Amino acid sequence: MSMRELVVLGTASQAPTRQRNHNGYVLRWDDEVILFDPGEGTQRQLLHTGVTATDLTRICVTHFHGDHCLGLPGTIQRLSLDRVPHRVAVHFPAGGAEYFARLRHATSFHETAELAVEPIEADGQRITVRGGTLEARRLRHSIETYGYRLVEPDGCRMLPERLSAYGIAGPAVGELLRVGHLDVDGRRVTRDEVSVSRPGQRFAFVMDTALCDAVYALAEHADLLVIESTFLESETALAAEAGHLTAAQAARVATESGVRKLVLTHFSQRYSDLRRFADEARRHFGGDLVIAEDLTTVPVPPRRVASAG
Ligand SMILES: [Zn+2]
């Protein structure tokens with residue numbers, strides 16, 4: 001059965017707290033299982049969630065600050081320890097290749113797993129993945145940083161009862177899909193008459209950035225947006241200086257971009273009570289809001305309602 005959900009491994013920026021592990025997120029997108037920004041402690045957090053190293057198909061790193069990548073050595077070695085049989089792709093900012101090389105070979109280990117190392121070389125780079133296209137956009141932070149979004153193309157779903165009403169079966173269905181219409185007993189049947197549109201879903205992942213155009217481009221019409229909100233509005237000046245977002249900014253981005261479900265995370269260790277993030281975001285965003293918590297799962301919302309053909 002297909003499953004699309006976010007598994008939250010950790011929600012702490014910079015330094016972990018008693019309640020919050022360093023960053024770490026897994027996106028299950030049917031057969032594509034992507035680990036984003038594995039911070040320290042990722043291996044053990046994975047263990048708690050039931051996601052195994054063998055489940056992973058891809059790793060995406062936004063940038064090489066420790067809270068987003070110190071879990072790479074453990075995770076990469078675990079792929080070999082568990083004899084993961086498939087190639088695992090790894091994406092990260094090309095400018096940080098030296099950091100990646102060090103993390104990958106941080107200690108001695110018996111390497112058996114195969115990594116497909118595919119750095120992000122430019123803003124807007126696109127990678128075809130199972131279930132859509134992964135796109136990287138350059139964010140505004142103190143070092144080279146990319147946010148990611150996964151876009152599934154729109155499709156259509158055939159309606160068996162309509163097909164059978166027209167007597168269309170077997171290879172004729174494929175032809176109708178391909179050509180867009182089919183002549184049956186002297187009457188032209190169009191694809192729209194026997195199908196409904198199936199809107200593609202979108203996931204966006206925005207970490208460590210000041211507000212910039214790329215944030216909006218990534219968030220545009222996301223069904224699920226995971227976005228950093230390191231600070232509260234009371235620290236707006238500090239956020240801008242450090243290249244980070246406030247909860248209010250993140251919530252306004254979500255509203256202006258037509259986001260359906262907003263997940264706030266990457267909280268500064270200065271805050272212990274996260275209800276303040278919910279209160280602040282609520283003032284700017286009326287959709288589904290989640291203040292991320294370690295070791296929880298956030299389902300991707302059901303598809304937008306399909307329009308009848
Ligand atoms: Zn960070």
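Based on C-alpha pairs under 8 angstrom that are at least 6 apart in sequence, the chain has a relative contact order of 17 percent.
Across 279, 192, 213, mean-square fluctuation computed from a Gaussian network of the chain (C-alpha pairs under 10 Å connected) peaks at 192.
Per residue, the accessible area of the chain comes to 45 Å² when a 1.4 Å probe rolls over the protein heavy atoms. Rounded to the nearest 20, the size of the Cβ-charge dipole of segment 96-221 about its Cα centre is 240 debye, with Lys and Arg at +1 and Asp and Glu at -1. What the phi angles of segment 137-151 give under the Karplus curve with 6.51, -1.76 and 1.60, with θ = phi - 60°, is a coupling list of 10, 6, 9, 10, 9, 5, 10, 4, 9, 10, x, 10, 9, 10, 10 Hz, glycine and proline written as x. Give the calculated FRET efficiency between residue 304 and residue 191 to the nearest 0.05, with a Förster radius of 22 Å applied to their Cβ-Cβ distance. My answer for the efficiency is 0.65. Backbone amide hydrogens, once placed in the peptide plane, bring residue 24 within less than 5 Å of 9, 10, 39, excluding anything fewer than 5 places away on its chain. The stretch between residue 121 and residue 54, if pulled fully straight at 0.36 nm per residue, gains 21.4 nm over its current Cα-Cα span.
If you plug the beta carbon distance of residue 82 and residue 2 into 1/(1 + (r/R0)^6) with R0 = 25 Å, you get a FRET efficiency near 0.55.
Taking θ as phi - 60° and the Karplus parameters 6.51, -1.76 and 1.60, the scalar couplings of segment 279-294 work out to 4, 5, 5, 4, 5, 10, 9, x, x, 6, 10, 10, 8, 4, 10, 4 Hz in sequence order, x denoting glycine and proline. Determine the share of segment 110-256's accessible area contributed by carbon and sulfur atoms, expressed in whole percent, with a 1.4 angstrom probe. Carbon and sulfur atoms account for 48 percent of the accessible area of segment 110-256. Where the centroid of each part is defined by its Cα atoms, how far is segment 79-158 from segment 212-255 in Å? Value for the Cα centre distance between the two parts: 23 Å. Given +1 at the Cβ of Lys and Arg, -1 at the Cβ of Asp and Glu and no other charges, the dipole of segment 61-136 around its Cα centre is 260 debye to the nearest 20. Remark: the chain projects, on average over all directions, an area of 17.6 nm² (convex hull of Cα atoms).
When shorter helices are ignored and each DSSP H run of at least 4 residues is given -39500 (n - 2.57), the per-residue value for the chain at 222 nm works out to -6500 deg cm²/dmol.
The values are calculated or read from the model by the stated rules, or taken from the named source; none is laboratory data. Keep in mind that what you see is a predicted model, and the values were worked out from it rather than measured. Ideal geometry is used to build each Cβ from the backbone, glycine not excepted, and the neighbour counts take in all protein chains shown. We work out accessible area using only protein heavy atoms, side chains counted, and drop any ligands, DNA or RNA first. Shrake-Rupley method; radii C 1.70, N 1.55, O 1.52, S 1.80 Å.
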